[in-house]
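Participant: Before I ask anything, let me first share the structure, which is written out below as structure tokens.
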């Protein structure tokens, strides 16, 4: 018998980081019975980091969701302030078996009121802002708390996808998937975490993110205040 349909929804927004969802998409689409839908508020086309994705669904039109995944990106700041978007995230989370995110997508889950009291991962530069929403920032690359799975920064999306694949289809399937896609990372530099990056590289990247920090922090604080009043 064919596997039951597994509806996987990637909820996008302007200025999303495409690897946050295309990495997990490549893995999760191979789950038994997977039916993957990539959607955003308007449907149609959406530009993301130099690529344009077409044929996207409208979030409001989606009625079935087993796995909801919210990726991160520079657009997280605006997404946390978009009440219509957050309403759709809450709606879909309410009918999902698993609520998930990659990178700063966890800030969007938090702004939607879905992470209070839960441990969650996030990109290292923005992780502390989860605490504004009553979430518990966790530095792990992949974090599970109940039915909520969160991945850390960008490339952690693949580790997250394999962790979720093991939950849904078993360890053997997940390992076969990993082998089939030859996921055997061996980076040329040990600079992928602030704890291991050379100090001058860390300072440079922190400076790049620093310009956006006040605006995102203000957005997170405003979103947290709205949640507290709701």
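Participant: Using the count of nearby Cβ atoms within 10 Å as a rough guide to exposure, how do 106, 101, 176 rank from fewest to most? Walk me through the numbers before you get to the answer.
Facilitator: Details: 106 34, 101 31, 176 14.
Ordered from fewest to most neighbouring Cβ atoms within 10 Å, 106, 101, 176 come out as 176, 101, 106.
Participant: Right, another one. Hey, what did the chain get for relative contact order, percent, Cα under 8 Å, at least 6 apart? It would help to have the intermediate numbers written out before the result.
Facilitator: Details: 438 pairs, mean separation 40.9, N = 230.
For the chain, the relative contact order is 18 percent.
Participant: Please check: in the Gaussian network model of the chain (C-alpha springs, under 10 Å), which one of 78, 11, 111 has the largest mean-square fluctuation.
Facilitator: 78
Participant: Moving on to the next point. With the crude spin-label approximation of a point 7 Å out along Cα→Cβ, what separation in nm comes out for residue 175 versus residue 190?
Facilitator: 2.7
Participant: Oh, and also: May I ask you to derive the relative contact order of segment 1-131, considering only C-alpha pairs under 8 Å and at least 6 residues apart, and to give it as an integer percent?
Facilitator: Working: 246 pairs, mean separation 31.8, N = 131.
It comes to 24 percent, rounded to a whole number.
Participant: With both partners inside the chain, how many of the DSSP beta bridges are antiparallel, as a percent to the nearest 5?
Facilitator: 30
Participant: Exposure proxy check: 80, 29 ranked by fewest other beta carbons within 10 Å? Please list the in-between numbers first.
Facilitator: On the way: 80 27, 29 12.
Ascending Cβ contact count within 10 Å gives the list 29, 80.
Participant: Mean-square fluctuation check for the chain, GNM, Cα pairs under 10 Å: which of 153, 113, 192 is largest?
Facilitator: 192
Participant: Something else: Using Cβ contacts closer than 10 Å as the measure, can you line up 204, 144 from fewest to most?
Facilitator: Working: 204 11, 144 20.
Ascending number of Cβ neighbours within 10 Å: 204, 144.
Participant: Name the most mobile residue of 63, 37, 100, meaning the one with the largest mean-square fluctuation, in a Gaussian network model of the chain with Cα contacts below 10 Å.
Facilitator: Maximum fluctuation in the GNM of the chain, among the listed residues, is at 63.
Participant: Report the relative contact order of segment 100-178, percent, no decimals, based on alpha-carbon pairs under 8 angstrom and at least 6 residues apart.
Facilitator: On the way: 148 pairs, mean separation 22.2, N = 79.
It rounds to 28 percent for segment 100-178.
Readers should treat all values here as calculations from the given coordinates under stated rules, not as data from a laboratory. As the structure is a prediction and not an experimental result, all values here were calculated from the model. Glycine also receives a Cβ, built like all others from the backbone with ideal geometry; neighbour counts cover every protein chain displayed.
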